[in-house]
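Note sheet for the following structure.
All of the numbers you see were taken from the coordinates with simple rules; none came from a lab. From a predicted model like this one, the values you see are computed outputs, not experimental measurements. Glycine also receives a Cβ, built like all others from the backbone with ideal geometry; neighbour counts cover every protein chain displayed.
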Amino acid sequence: MSYVVPVPGLVLLPIIDSDRLFPVRRVYCVGRNYAAHAIEMGHDPDREAPFFFQKNPDNLVLSGLDFPYPPLSGDVHHEVELVVALKQGGSDISPEEALECVYGYAVGIDFTRRDLQAEAKASGKPWAAAKAFEHSAPISPLVATDIAGHPTTGRIWLSVNGERRQDGSLDQMIWKVPEIIAELSKLFTLAPGDVIMTGTPSGVGAVVRGDIVSCGIDGVSALDVKVV
Ligand code: MN
């Protein structure tokens, strides 16, 4: 078989304590999944069902690589998030069976052009340019569930140049991982290789070139990213 354009490469995530790789199919993201973050963004956390948006697989930035500050924004924010990687999918998955779909977990950053997102919200336009831009999702190596289990209570934190900006706990998530998988599978057919960014605790803020962003989730992984 020959191709009329170069075949796009697979995005492959490394796995802790393994020489095997996780191929990424889709990247889903959950909006406003921590009450304190919903409030800091001007929303009432009690009245909202979960909602989803997407990034592209090739927006993922593997551990050890830099985050290039994107064009057309002067207000790029960090959002540290628990990332869920699926080994199994389907539609209408029940919360009770949802965790059987999980291969492992990682920590990731949902970098956001907050100024473009604010414009999009104000004019009822989509978030794609605010969220799904190049290199917008640094991610740590995956840790499989046979090592990490299913973390539900660990601290989730992010520092910029050694100063703590975000400091939450996974038990503050409004929609828990099994519920997220169940809700998402009502809207989309999930499949092996899908990853889900599960929302950020409060304390989001801007980064600038030269910043060193460090983040982690207790019992999962940690990640350092330089903004260049
Ligand atoms: Mn986010």
Within straight-line cross-link reach of LYS87, aspartates and glutamates at Cα separation under 18 Å, skipping those fewer than 8 residues along the same chain: ASP17, ASP19, GLU96, GLU97, GLU100, ASP146, GLU179, GLU183, ASP194
With the crude spin-label approximation of a point 7 Å out along Cα→Cβ, what separation in nm comes out for GLU163 versus SER123? 3.3 nm
In segment 18-64, with Lys and Arg counted as +1 and Asp and Glu as -1 at Cβ, which of these residues, ALA38, LEU62, PRO50, has the Cα nearest the positive end of the dipole, that is, farthest along it? LEU62
Could you tell me the convex hull volume per residue, in Å³, taken over the Cα atoms of segment 45-175? 154 Å³
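With contacts defined as alpha carbon pairs under 8 Å and 6 or more residues apart, what's the relative contact order of segment 23-226 in percent?
On the way: 498 pairs, mean separation 70.8, N = 204.
Computed over segment 23-226, the figure is 35 percent.
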Simple SL model, points at 7 angstrom along Cα→Cβ for ALA191 and LEU62; separation in nm is 2.2 nm
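For the chain, with only Lys/Arg (+1) and Asp/Glu (-1) charged at the beta-carbon, what is the dipole magnitude about the Cα centre, in debye rounded to 20? Write down the numbers at each step before the final one.
Numbers: 19 positive and 29 negative charges, 111 e Å.
The dipole magnitude comes to about 540 debye.
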Using θ = phi - 60° and the Karplus relation 6.51 cos²θ - 1.76 cosθ + 1.60, list the HN-Hα couplings for segment 198-211 in order, rounded to whole Hz, with x at every Gly or Pro. 9, x, 10, x, 5, x, 4, x, 7, 10, 10, 4, x, 5
Residue by residue, what Karplus-based ³J(HN,Hα) values in Hz, rounded to whole numbers, does segment 112-117 have, using 6.51, -1.76 and 1.60 with θ = phi - 60° and x for Gly and Pro? 9, 7, 5, 5, 5, 5
Normalising by the residue count of segment 1-141, find the relative contact order in percent from Cα pairs under 8 Å and 6+ residues apart. 25 percent
Quick one: which residues, 5+ away or cross-chain, put their amide H under 5 Å from the amide H of ASP75? H built at 1.01 Å from N. ARG114, ASP115
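Output the Kirkwood hydrodynamic radius of the chain, Cα pairs only, in Å rounded to one decimal. Mind dumping the intermediate values first?
On the way: mean 1/r = 0.0565 Å⁻¹.
Kirkwood radius, the chain: 17.7 Å.
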In a GNM of the chain with a 10 Å cut-off on Cα contacts, which of PRO50, PRO126, PRO192 has the highest mean-square fluctuation? PRO126
Could you give the alpha-carbon Rg of segment 81-143 over 2.2 N^0.38 Å, rounded to two decimals? 1.45
Going by amide H atoms built from the backbone, whose H comes under 5 Å of the H on SER169, apart from near neighbours? ILE156
Cα-derived Rg to Rh of segment 136-212, Kirkwood definition: 1.00
Can you give the longest stretch of the chain with no exposed loop site, where a site means trypsin sites (Lys or Arg not before Pro) in a DSSP loop (not H, G, I, E or B) with at most 12 other C-beta atoms within 10 Å? 21-208
